[in-house]
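One structure below.
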Amino acid sequence: MFLAFLGAEVIKVEPPEGDKTRDLTGMGRGFFPTFNRGKKSVTLDLKTDAGVEALHALLETADVFIENFRDQSLARMGMAPDTLRERYPGLIVSSLKGFLKGPYENRTALDEVVQMMTGMAYMTGPTGRPLRIGSSANDIMGGLFGAFAVLAALYQRRTDGQGHAVRTGLFENCLLLVAQHMVQFDIEGREAPPMPEREFSWAVYDIFETREGRQIFVGAVTEGQWVTLCNLLGLSHLLNDPRLQTRMDQIDARHWTLPVFAEAVRTQGFDDLIAKFEDAGIPFSPIHRPAEMYDDPHVLREGGLLMSRLPEGQSYRAPGLPFEVDQQPVVAPGVDVPAAGADTETVLRALGLSDAQIALARGTGRAVA
């Protein structure tokens, strides 16, 4: 999807019955529509010679082959990265795996598995209650690192004229997410506690309630913000308190200063308070649910949400890429989700396959002796 949004023609090869994630329900309902925007869909039966031949016809014209198979399965199909690069010297093969090469390379991985393995879940929940974070973050970052590696390999190909095999691991990208906690231990020799029990580096970095009972996160992470926050909340007397004259004094006093801040915030109306914080440069945030993002004025700015359409005709909105180029949002050429196999005939005919060959390749025809 990231590559498609940047303008690449991306052809998703699905089995005859379609990608299984098309039919996810519950919390998985939004996954396929979100991350398959902007692709074409070709259905091939790779258990048949015709289907494999059609895939090779696609590879003849491709710059990049992205695969998510187990290593053994890919090798049995004759499509291991080294085999493909020998046949197609300029091809970039991007393998999206659970693990990079090493002792775990053949293990089955899921987002939640690697969160548990790396300490991410330990750091997210309170002690004794490991908790996955509230997003498929590693699946998403696995795709992001895969696209990042593909772009690097394509750039390198401009220099050496060669294809390359790049491999991305869910475990390794989750390991990178917890690296700061690993490094703290390596430097100091002590482990960071889970985030709900964390040792704070800032005097104010907490969730409070306003007069209406609405929750708001407020932070004061510099000396200037400490002074500004105290003045805004009518707590200027804290600035002269001899117990609060250094950053460490303020951090060590959190057990008695936070109730003071909480009481001061509770006297303020929500709308007035966030206006004051925004004007003064105080870090703050309302506590929102994902569904509320559809009403957020910043999300609703130009390019913040892209309108897509499902195969059955229903439209929906989802975020685009989180960067701008020359102060303009990146607008993908097409962000609809194709029906399974919607582009099979068009794509394969362009490669010179006949209708009969296409039917055999997608598993809907039969060979005639």
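Based on what the data block shows, is Gly313 surrounded by 11 or more Cβ atoms within 10 Å (Cβ to Cβ) and either at pLDDT 95 or above or among the small types (Gly, Ala, Ser) (or both)?
no
How many residues does segment 157-183 hold that are in contact with a helix residue (DSSP H, G or I) (Cβ under 7 Å, 6 or more places away or on another chain) and either assigned to a helix (DSSP H, G or I) or at pLDDT below 95 (or both)? Reasoning before the result, please.
Taking segment 157-183 and keeping what is in contact with a helix residue (DSSP H, G or I) (Cβ under 7 Å, 6 or more places away or on another chain), we get 163-166, 168, 170-171, 173-175, 177-178, 181.
After this cut, where a residue has to be either assigned to a helix (DSSP H, G or I) or at pLDDT below 95 (or both) as well, the list is 170-171, 173-175, 177, 181.
Total meeting the criteria: 7.
From the set of residues in segment 184-207 that are among the aliphatic types (A, V, I, L, M) and part of a loop (DSSP other than H, G, I, E, B), which is surrounded by the fewest Cβ atoms within 10 Å (Cβ to Cβ)?
Ala192
Residues checked against (1) in the same structural domain as Gln314 (by TED's automatic domain parsing); (2) over 22 Å from Pro319 (Cβ atoms); (3) free of Cβ contacts under 8 Å to residues at least 40 places away in the same chain; (4) not in a loop (DSSP other than H, G, I, E, B):
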site: Gly7; (1), (2), (3), (4): yes, no, no, no
site: Val13; (1), (2), (3), (4): yes, yes, no, yes
site: Gly18; (1), (2), (3), (4): yes, yes, no, no
site: Thr34; (1), (2), (3), (4): yes, no, no, yes
site: Gly51; (1), (2), (3), (4): yes, yes, no, yes
site: Leu55; (1), (2), (3), (4): yes, yes, no, yes
site: Leu58; (1), (2), (3), (4): yes, yes, no, yes
site: Gln72; (1), (2), (3), (4): yes, yes, yes, yes
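Of all residues in segment 84-135 being in contact (Cβ under 8 Å) with a residue 40 or more places away in the chain, in a loop (DSSP other than H, G, I, E, B) and among the small types (Gly, Ala, Ser), which is farthest from Ser73 (Cα to Cα)?
Filtering first and then ranking leaves Gly125.
Within segment 231-258, take every residue that is loosely packed, with under 12 Cβ neighbours inside 10 Å and among the hydroxyl-bearing types (Ser, Thr, Tyr) and give me the one that is nearest to Phe217 (Cα to Cα).
That would be Ser236.
Of the residues Leu100, Leu110, Leu131, Leu74, only one is surrounded by 18 or more Cβ atoms within 10 Å (Cβ to Cβ) and out of contact with any His (no Cβ under 7 Å at 6 or more places or on another chain); which?
Checking each option against the conditions leaves just Leu74.
Given the conditions (1) under 20 Å from Gly146 (Cβ atoms); (2) touching a helix residue (DSSP H, G or I) at 6+ places or on another chain (Cβ under 7 Å); (3) of a type in the set (A, V, I, L, M), report the number of the one that Met79 does not fulfil.
(2)
At least 2 residues that are in the same structural domain as Glu212 (by TED's automatic domain parsing) and touching a strand residue (DSSP E or B) at 6+ places or on another chain (Cβ under 6 Å) in each: list the strands (runs of 3 or more DSSP E) lying fully within segment 266-324 that qualify.
It comes to 284-286.
Give just the number: which of (1) assigned to a helix (DSSP H, G or I); (2) not assigned by TED's automatic domain parsing to the domain that holds Ser94 does Gly142 not satisfy?
(2)
Would you say Met79 is in the same structural domain as Arg158 (by TED's automatic domain parsing), part of a loop (DSSP other than H, G, I, E, B) and not β-branched (Val, Ile, Thr)?
yes
Considering only residues that are more than 19 Å from the chain's Cα centre (by Cα) and β-branched (Val, Ile, Thr), look in segment 7-39 and name the one that is surrounded by the fewest Cβ atoms within 10 Å (Cβ to Cβ).
Thr25
The values are calculated or read from the model by the stated rules, or taken from the named source; none is laboratory data. Note that the coordinates shown come from a computational prediction; the quantities given were computed from them, not determined experimentally. Every residue, glycine as well, gets a Cβ built from its backbone with ideal geometry; the counts of neighbours run over all protein chains shown.
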